Each structure stands twice: as C-alpha cells, then as structure tokens.
Amino acid sequence: LNGVMGNLTVDLEAVTDESGNLSAPAVFLSNLQATTFIMLYGLVPFVRLSAMALGLNAVMLGWLAAVYVRSALYLAALIPHAIFEIPAMLLAFGVGLYVCGQVTRRLRGNEQTRSITSCLSLMGQTLLLALAPLLLAAAFVEAYVTPAVAAWFL
C-alpha cells in the first residue's frame with residue numbers, strides 16, 4: 001500500500017470505501033495527483049526536486065523491505081501493482097528531471113531549449129498517453145488483485 005508517493009502523503013481513508021477496501025478510482029486519482037506533482041517539480045529551476053521525490057520513494061521501499069525482509073507478504077502486496085506503478089513513477093521522475101534541465105538551461109540563456117509551454121505540453125502528453133493508462137492498471141490491480149494475492153500469504 002502506498003503510504004508516500006512523491007512527497008505526498010496519502011490519507012488511507014481517502015482511498016478506501018466504507019468497508020475498508022481500497023477504491024480503485026481513489027487510488028488512481030491519488031497516484032495521478034502525485035505523478036503530476038512530481039513532473040511539476042521540474043518547473044523549479046536549478047533544484048532537482050523530482051530526484052528528491054525519487055530518492056524518498058526508494059528509501060521508503062528499501063526501509064519497508066528491510067523491516068519485512070523475511071515476509072513473503074511484503075512482496076505479494078507490492079509486486080502485483082508495482083509492475084505498473086514503478087514504471088509510471090520513473091517516467092514521471094524522468095520528465096520532471098528533463099523539464100528541470102530545460103528550464104535551467106533556458107534561464108542561463110540557451111534559447112535552443114524547450115519553452116515553458118513546450119515543457120507543459122510534454123508533461124500533459126506524458127500524463128495522458130503514458131501515465132494515466134499505467135496508473136489506471138496499477139489502481140485496479142492494487143484494489144482487486146493485490147488483496148487476493150496477499151491473502152494467500154496471511
């Protein structure tokens with residue numbers, strides 16, 4: 001379960017229904033919001049905030065793996081939806097870092113780089129054409145497949 005994604009804390013009540021089950025649409029919207037912010041961090045020049053978000057996620061996954069090193073449940077709860085979610089996060093991080101580089105070069109006077117509107121267009125295209133489908137698949141797997149797979153290990 002994603003407690004933190006891209007420096008955004010996920011309120012578990014916001015992504016669950018009345019019976020405590022994960023809601024695929026709520027998980028999708030939460031992850032879409034997080035990946036959008038990760039890309040938008042790239043608009044801040046000179047500071048690679050997207051890399052910081054990537055590092056935070058790596059630390060969280062590593063810390064949880066260390067805590068549950070002998071638990072197959074951790075892997076069973078992570079792998080099914082991570083197959084879709086991790087590539088989406090890495091793509092968002094990559095776009096954020098690329099945009100940060102473009103904005104930084106533009107501010108340093110390099111006119112051959114992308115404009116801010118071009119960078120925003122790239123983010124929108126990436127969000128609609130690549131991230132949304134990956135995150136939609138991840139949300140449905142996280143809400144419906146992951147609990148079933150994890151139940152085998154309880």
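The values are calculated or read from the model by the stated rules, or taken from the named source; none is laboratory data. Here the structure is a predicted model, which means the values were calculated and not measured. Backbone-built Cβ (ideal geometry, glycine too); neighbour counts: all protein chains shown. Keep in mind that these areas ignore ligands, DNA and RNA; they rest on the heavy atoms of the full protein, side chains included. Shrake-Rupley method; radii C 1.70, N 1.55, O 1.52, S 1.80 Å.
For the stretch 73-92, indicate whether the set of residues that are farther than 17 Å from N31 by Cβ, out of contact with any strand residue (DSSP E or B) (no Cβ under 9 Å at 6 or more places or on another chain) and either open to solvent by less than 40 Å² (accessible area, probe 1.4 Å) or at pLDDT 95 or above (or both) is non-empty.
Yes: one or more hits.
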* Which of the residues spanning the stretch 37-47 are assigned to a helix (DSSP H, G or I) and open to solvent by 40 Å² or more (accessible area, probe 1.4 Å)? -> F37, L40, Y41, L43
* Would you say A132 is among the small types (G, A, S), modelled with pLDDT of 95 or more and farther than 18 Å from N57 by Cβ? -> yes
* Could you tell me whether the stretch 99-107 includes any residue that is touching a helix residue (DSSP H, G or I) at 6+ places or on another chain (Cβ under 9 Å), open to solvent by 70 Å² or more (accessible area, probe 1.4 Å) and among the β-branched types (V, I, T)? => no
* Out of all the residues in the stretch 76-92, is one or more without any contact (Cβ under 8 Å) to a residue 12 or more places away in the chain and of a type in the set (D, E)? -> no
* Say whether the condition of being open to solvent by 40 Å² or more (accessible area, probe 1.4 Å), in a helix (DSSP H, G or I), without any contact (Cβ under 8 Å) to a residue 40 or more places away in the chain and more than 20 Å from T146 (Cβ to Cβ) is met by at least one residue in the stretch 7-30. => no
* Restrict the check to the stretch 94-104 and report whether at least one residue is in contact with a Gly (Cβ under 9 Å, 6 or more places away or on another chain) and under 26 Å from N21 (Cα atoms). => no
* To do: Can you tell me which residue within the stretch 127-140, out of those that are in contact (Cβ under 8 Å) with a residue 12 or more places away in the chain and surrounded by fewer than 20 Cβ atoms within 10 Å (Cβ to Cβ), is farthest from R48 (Cα to Cα)?
  => F140
* From (1) under 22 Å from Q33 (Cα atoms); (2) in contact (Cβ under 8 Å) with a residue 12 or more places away in the chain, pick out the condition that doesn't hold for A72. => (1)
* Looking at this structure, is L154 over 13 Å from the mean Cα position of the chain (by Cα), under 24 Å from V15 (Cα atoms) and not in a helix (DSSP H, G or I)? -> yes
